[in-house]
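Data block below; observations after.
The values are calculated or read from the model by the stated rules, or taken from the named source; none is laboratory data. Every value quoted in this text rests on a predicted model; they were computed, and no experiment measured them. Heads up, the Cβs are rebuilt from the backbone with ideal geometry, glycines too, and the neighbour counts pull from every protein chain shown. For accessibility, only protein heavy atoms count, side chains too; no ligands or nucleic acids. Shrake-Rupley method; radii C 1.70, N 1.55, O 1.52, S 1.80 Å.
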Amino acid sequence: MGSLRAEKIADELKKEISLIINRETKDPRLQNLNINAVKVSDDIGIATVYYSIIGQSISKAESSLDKSIL
């Protein structure tokens, strides 16, 4: 079970990452990116971001997003 502080930080990270992608990124490949969740470890040392791409379904091997962006 995660701590309340870690949950609050995860929520804030999700909001900020979404805002940065939507407002400050000019890369058209990120236009359809949706941040689904962020999980932060209890010591707040590691954050894992879960995302999906809205629209056409492609396999991970076909995606250039993982290689060049993440």
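Counting Lys +1, Arg +1, Asp -1, Glu -1, what net charge surrounds residue 38 among other residues with beta carbon under 12 Å of its beta carbon?
Details: positive: 8, 14, 15, 39; negative: 7, 11, 12, 16.
Value of the local net charge: 0.
If you rank 43, 27 by how much accessible surface each has, with a 1.4 Å probe, what is the order from largest down?
Numbers: 43 120, 27 40 Å².
Putting 43, 27 in descending order of accessible area: 43, 27.
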